[in-house]
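Structure first, commentary second.
The values are calculated or read from the model by the stated rules, or taken from the named source; none is laboratory data. A quick note: this is a predicted structure, and the numbers were derived from the prediction, not measured. Cβ sites come from the backbone with ideal geometry, for glycine too, and all protein chains shown count toward neighbours.
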Amino acid sequence: MQNEFSPALLVLRDPLGSGSGESGSRFDAADPDALVVSALDLGVTRGDGIFETITVVNGMPQALDAHLHRFARSAGMLDLPTPAHETWKKGVFAAVDSRPTVDEAFVKLVYTRGIEGSGIPTGWVYLQQSPDFTAERTEGISVVLLDRGYSSSVQRTSPWLLQGAKTLSYAINKAAAREAQRRGADDVIFVSSDGYLLEGPTATIVLKLDDRFVTPRTESGILPGTTQQSIFEIAAVNGYRTAYEMLTPADLRRAESSWLVSSVRNAAPIREIDGEARPFDAGLTEAINAGLAARTI
């Protein structure tokens with residue numbers, strides 16, 4: 001039953017596989033209220049680490065392999081030791097299998113550089129029941145456009161800024177979300193300093209333009225979207241064309257429908273942009289979210 005669900009925590013042991021090669025790494029169950037991270041961990045003191053959040057529908061982790069590949073990509077961008085794919089995958093299923101099945105839950109993977117100077121990363125898997133996003137999925141969300149302060153070429157010209165990596169350094173994203181609230185909106189879409197759409201603080205943009213599904217190009221310094229990839233697969237099966245393009249706020253405003261999409265909230269249609277009401281297709285949104293819920297790993 002829903003009210004019997006409690007969080008689960010698994011902690012990564014022997015993260016470098018020093019006991020018997022990579023296979024020596026494992027996850028051990030821990031008390032979710034226990035202290036598992038040192039106050040000196042660089043993930044805590046510097047935000048020096050990465051994470052992924054994976055939705056779990058009726059006990060099935062969604063797009064798990066895609067998330068794990070992106071997890072490894074982010075680790076490479078931060079020069080972290082490569083996370084062992086199979087070890088983390090087993091950790092996810094161990095967390096899911098340790099709790100009763102509910103309609104929707106999520107698993108968060110966290111991987112940090114560890115205590116400064118130790119050379120040993122820290123990692124854990126955390127499972128929790130998801131909030132109810134019915135209103136966002138059916139009634140839509142309001143967004144504001146905010147300047148991110150970077151050019152769309154930042155990933156190429158300044159890779160040390162880690163644009164496009166899913167890092168623990170979320171202070172700016174949280175500040176943007178608070179700014180949206182101050183402006184009476186639900187969420188944010190970042191715009192580059194040279195005028196291109198980027199992404200939300202925790203979501204990818206998908207537009208329906210002229211019978212095509214379109215999203216910003218990842219070369220503009222944004223995180224590749226696992227949910228967006230799934231939506232493109234669903235769209236292609238249903239006869240729609242898909243594309244990655246350099247998009248502008250004008251494209252957003254002329255779109256037949258638009259969504260902010262993410263792993264836990266799924267597809268949230270945009271009903272208002274900077275205070276201006278926008279149309280969205282409720283039936284199409286429902287079909288997209290049904291398709292997302294039906295995914296397998």
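Figures for the structure shown
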read-out: Flag for Thr215 being surrounded by 21 or more Cβ atoms within 10 Å (Cβ to Cβ), hydroxyl-bearing (Ser, Thr, Tyr) and in a strand (DSSP E or B); value: yes
read-out: Selected residue [more than 19 Å from Gln128 (Cα to Cα), in contact (Cβ under 8 Å) with a residue 24 or more places away in the chain and buried (at least 20 other Cβ atoms within 10 Å of the Cβ)] from Gly43, Gly47; value: Gly43
read-out: Filter result (closer than 27 Å to His69 by Cβ, among the hydrophobic types (A, V, I, L, M, F, W, C) and assigned to a loop (DSSP other than H, G, I, E, B)) within segment 166-212; value: Leu168, Leu198, Ala203
read-out: Every pair of residues 6+ apart whose Cβ atoms lie under 8 Å, when the first sits in segment 205-233 and is in the same structural domain as Asp65 (by TED's automatic domain parsing) while the second is surrounded by fewer than 23 Cβ atoms within 10 Å (Cβ to Cβ); value: none
read-out: Only listed residue being at pLDDT 95 or above and either touching a Pro at 6+ places or on another chain (Cβ under 8 Å) or farther than 28 Å from Phe5 by Cα (or both), chosen from Leu168, Leu145; value: Leu145
read-out: From Gly17, Gly43, residue being at pLDDT 90 or above and touching a Gly at 6+ places or on another chain (Cβ under 9 Å); value: Gly43
read-out: Filter pass, Pro32 being more than 27 Å from Pro201 (Cβ to Cβ) and either assigned to a helix (DSSP H, G or I) or outside the structural domain of Thr167 (by TED's automatic domain parsing) (or both); value: no
read-out: Residues (of a type in the set (Asp, Glu), part of a helix (DSSP H, G or I) and closer than 24 Å to Ser151 by Cβ) located in segment 226-267; value: Asp251
read-out: Residues of segment 79-114 satisfying the condition of being in a strand (DSSP E or B) and surrounded by fewer than 23 Cβ atoms within 10 Å (Cβ to Cβ); value: Glu104, Phe106, Lys108, Val110
read-out: Failed condition for Gly76, given (1) without any contact (Cβ under 8 Å) to a residue 12 or more places away in the chain; (2) surrounded by 16 or more Cβ atoms within 10 Å (Cβ to Cβ); value: (2)
read-out: Of the criteria (1) at pLDDT below 95; (2) in contact with a helix residue (DSSP H, G or I) (Cβ under 9 Å, 6 or more places away or on another chain), which one Thr112 fails; value: (1)
read-out: Residues satisfying the stated conditions in segment 115-151, i.e. hydrophobic (A, V, I, L, M, F, W, C) and assigned to a loop (DSSP other than H, G, I, E, B); value: Ile120, Phe133
read-out: Hits in segment 48-61 - residues which are more than 15 Å from the chain's Cα centre (by Cα) and under 13 Å from Leu80 (Cβ atoms); value: Asp48
read-out: Residue in segment 226-239 that is nearest to Thr215 (Cα to Cα), counting only those that are within 22 Å of the chain's Cα centre (by Cα) and among the polar types (S, T, N, Q); value: Gln228
read-out: The one condition in (1) outside the structural domain of Ile222 (by TED's automatic domain parsing); (2) touching a Phe, Trp or Tyr at 6+ places or on another chain (Cβ under 8 Å); (3) not hydrophobic (A, V, I, L, M, F, W, C) that His85 fails to fulfil; value: (2)
read-out: Test for Ile270: is it in the same structural domain as Phe190 (by TED's automatic domain parsing) and either more than 29 Å from Gly195 (Cβ to Cβ) or assigned to a helix (DSSP H, G or I) (or both); value: no
read-out: Which listed residue, of Thr112, Thr101, is of a type in the set (S, T, N, Q), in contact with a strand residue (DSSP E or B) (Cβ under 6 Å, 6 or more places away or on another chain) and either in contact (Cβ under 8 Å) with a residue 40 or more places away in the chain or not assigned by TED's automatic domain parsing to the domain that holds Pro269 (or both); value: Thr112
read-out: Complete set of residues in segment 240-279 that are surrounded by fewer than 15 Cβ atoms within 10 Å (Cβ to Cβ), basic (Lys, Arg) and under 21 Å from the mean Cα position of the chain (by Cα); value: none
